[in-house]
1. Is the stretch 22-34 home to any residue that is surrounded by 15 or more Cβ atoms within 10 Å (Cβ to Cβ), under 19 Å from Trp142 (Cβ atoms), touching a Leu at 6+ places or on another chain (Cβ under 9 Å) and at pLDDT 95 or above?
2. Exactly one condition in (1) in contact (Cβ under 8 Å) with a residue 12 or more places away in the chain; (2) in contact with a helix residue (DSSP H, G or I) (Cβ under 6 Å, 6 or more places away or on another chain); (3) under 23 Å from Gly148 (Cβ atoms) is not met by Ala26; state its number.
3. In this structure, is Ser68 more than 11 Å from Leu23 (Cα to Cα), modelled with pLDDT of 90 or more and loosely packed, with under 15 Cβ neighbours inside 10 Å?
4. Of all residues in the stretch 133-145, which are more than 19 Å from Ala176 (Cα to Cα), buried (at least 16 other Cβ atoms within 10 Å of the Cβ) and not basic (Lys, Arg)?
5. Restricting to the stretch 64-88, what's the tally of residues that are more than 21 Å from Arg140 (Cβ to Cβ) and in contact with a Lys or Arg (Cβ under 9 Å, 6 or more places away or on another chain)?
6. Test Ala120 against the criterion of being surrounded by fewer than 19 Cβ atoms within 10 Å (Cβ to Cβ), among the hydrophobic types (A, V, I, L, M, F, W, C), part of a helix (DSSP H, G or I) and modelled with pLDDT of 80 or more, and give yes or no.
7. Checking the conditions here, which among His126, His130 is exposed (fewer than 15 other Cβ atoms within 10 Å of the Cβ), modelled with pLDDT under 85 and either of a type in the set (A, V, I, L, M) or part of a helix (DSSP H, G or I) (or both)?
8. Out of the residues in the stretch 102-111 that are out of contact with any Lys or Arg (no Cβ under 9 Å at 6 or more places or on another chain) and at pLDDT below 80, which is surrounded by the most Cβ atoms within 10 Å (Cβ to Cβ)?
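The values are calculated or read from the model by the stated rules, or taken from the named source; none is laboratory data. The structure displayed is predicted, hence computed values, not measured ones. Virtual Cβ from ideal backbone geometry, glycine too; neighbours counted across all protein chains shown.
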Amino acid sequence: MFISLVMDARTSGARLPRQLDALRQAARQCPHRSELLLVDDTSDPRLPVMASRHGARFTDCEPGPLGSRLNAALSLAQGTVMVFPMAPERLPAGWLSELVEGLADQTLEAVVLTRPLPQALRLLNHLLGHQQAGTLAVERSWLERIGGFDTTLDEHALPDLIARLHACHARIHTLAK
């Protein structure tokens, strides 16, 4: 299994150096081979150097919504498992291995790692049909099957992808950590 970790520079903002470092450390602790990709549409000249310093492959793309930027990174990624970390500096130790283990036994097609919510809020989200976004690990074949991210969506790109995976009956497990 080969893992592609995809980080969006614009979404990360000032936290980007810490997030890249956290992803690099998580990848080192995971027993599977991995690559780290940084996608950017800001044309910030510091980002290719920062990506190189953290062992990430830099992907410059046209300005656009998050869905479009993540699809640009997908086209260059080599992994059979795609991981889209959200706020990785706050994730618990061993999070990447835990996500990938769920996919490795081939009983799941996607795993979402979220922050724990009170039961009442979880129930309300469920009743309203809201998808709680978090760090997503998904088999590349499922991303290709559903056409990747919606290129018109920005902050809702990840929840939309999770909802479409559910609609296509992908086996998804949500971990609250």
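1. no
2. Unmet for Ala26, out of (1) in contact (Cβ under 8 Å) with a residue 12 or more places away in the chain; (2) in contact with a helix residue (DSSP H, G or I) (Cβ under 6 Å, 6 or more places away or on another chain); (3) under 23 Å from Gly148 (Cβ atoms): (3).
3. Answer is no for this residue.
4. If the condition is that a residue be more than 19 Å from Ala176 (Cα to Cα), buried (at least 16 other Cβ atoms within 10 Å of the Cβ) and not basic (Lys, Arg), then Glu139, Trp142, Leu143 are the ones that fit.
5. Going through the stretch 64-88 one residue at a time, the tally reaches 1.
6. no
7. Selected residue: His126, the only one of His126, His130 that is exposed (fewer than 15 other Cβ atoms within 10 Å of the Cβ), modelled with pLDDT under 85 and either of a type in the set (A, V, I, L, M) or part of a helix (DSSP H, G or I) (or both).
8. Here the answer is Leu103.
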